[in-house]
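Worksheet: one structure, shown below.
The values are calculated or read from the model by the stated rules, or taken from the named source; none is laboratory data. Keep in mind that what you see is a predicted model, and the values were worked out from it rather than measured. Backbone-built Cβ (ideal geometry, glycine too); neighbour counts: all protein chains shown.
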Amino acid sequence: MPSPEPAAPLRVLLVDDGAQHIDLIRDELVRLGHEVVGVIDSPVVIHDCVTRLRPDVVIVDSESPTRDTLEHVATLSSRNPRPVVVFAEDDADDPMRQAIAAGVSAYVVAGLQPKRLASVVRVAIARFKQEKQLRQQLEEARNELSSRKIVERAKGLLMQSGELTEDAAYRYLRKLAMDRGEKLAEVARRVVDAHELLHPKDAG
């Protein structure tokens, strides 16, 4: 049975990187009800076109992705991330690894079969969303760890200067945060900054 098509029409930017399948891809996308917002033949303008045209997905049709193409895909992934699909003729491992490292969501080798396009795009979007969620969770974990460290540092300073117990120092910071309507880590950062301003030799 054919794979179900994506539920909502997508805006798609096509990058013609020399494999000569771009017309086939465009025709299949239109048949599926999607909108091709642009077709470009230079990787240099990928990021600018994504910024201007705001596609949901970028599809690259390539014999073998060049270093130039992958560098601009990597720039896109870091500045304005989108699901990126690469259709390639080259089945060598290096281009595939480099493409995945650059942020490509799906890398399809050995020719384009139009009937597979819908499922490939759907998988690429799903993987992109999953990786985005994982990055957000990692960032949240890092922020939480950073917040804990600054709170511990502030508690230590209060215990040194005010002869407070650890529990009392924590309650003091929490009360300040509640009174000011701020996060505990923000108040802790102010305590640490104030101490470093008054005691520069102790900083670091």
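Answer yes if at least one residue in the stretch 68-76 is over 20 Å from the mean Cα position of the chain (by Cα) and without any contact (Cβ under 8 Å) to a residue 40 or more places away in the chain, and no otherwise. Spell out the reasoning first.
To start, the set of residues in the stretch 68-76 that are over 20 Å from the mean Cα position of the chain (by Cα) comprises 68.
Now restrict to residues that are without any contact (Cβ under 8 Å) to a residue 40 or more places away in the chain: 68.
Scanning the stretch 68-76, I find at least one residue that is over 20 Å from the mean Cα position of the chain (by Cα) and without any contact (Cβ under 8 Å) to a residue 40 or more places away in the chain, so the answer is yes.
There is at least one residue in the stretch 159-170 that is at negative phi and either in contact with a strand residue (DSSP E or B) (Cβ under 7 Å, 6 or more places away or on another chain) or not in a helix (DSSP H, G or I) (or both). Among all residues of the stretch 96-118, there is at least one that is touching a Ser or Thr at 6+ places or on another chain (Cβ under 9 Å), over 30 Å from residue 191 (Cβ atoms), outside any helix (DSSP H, G or I) and not polar (S, T, N, Q).
Please work out if residue 30 is among the β-branched types (Val, Ile, Thr), at pLDDT 90 or above and not in a helix (DSSP H, G or I). It would help to see each step written out before you state the result.
Details: among the β-branched types (Val, Ile, Thr): yes; at pLDDT 90 or above: yes; not in a helix (DSSP H, G or I): no.
No: the conditions fail for residue 30.
Whether a residue is of a type in the set (A, V, I, L, M), buried (at least 19 other Cβ atoms within 10 Å of the Cβ) and either more than 22 Å from residue 11 (Cβ to Cβ) or touching a strand residue (DSSP E or B) at 6+ places or on another chain (Cβ under 9 Å) (or both) was assessed, and residue 39 does not pass this test. When residues in the stretch 92-144 are screened for being more than 20 Å from the chain's Cα centre (by Cα) and β-branched (Val, Ile, Thr), 2 of them pass. Condition (residue is in contact with a strand residue (DSSP E or B) (Cβ under 8 Å, 6 or more places away or on another chain), at pLDDT 85 or above, outside the structural domain of residue 54 (by TED's automatic domain parsing) and within 24 Å of residue 52 (Cβ to Cβ)) applied to the stretch 93-114: is it met by at least one residue? The answer is no; no qualifying residue exists. Any residue in the stretch 88-95 that is surrounded by 13 or more Cβ atoms within 10 Å (Cβ to Cβ) and assigned to a strand (DSSP E or B)? Yes: the stretch 88-95 contains one or more residues that are surrounded by 13 or more Cβ atoms within 10 Å (Cβ to Cβ) and assigned to a strand (DSSP E or B). Candidates in the stretch 45-66 are the residues that are over 20 Å from the mean Cα position of the chain (by Cα) and surrounded by fewer than 17 Cβ atoms within 10 Å (Cβ to Cβ); of these, the one that is farthest from residue 122 (Cα to Cα) is 66.
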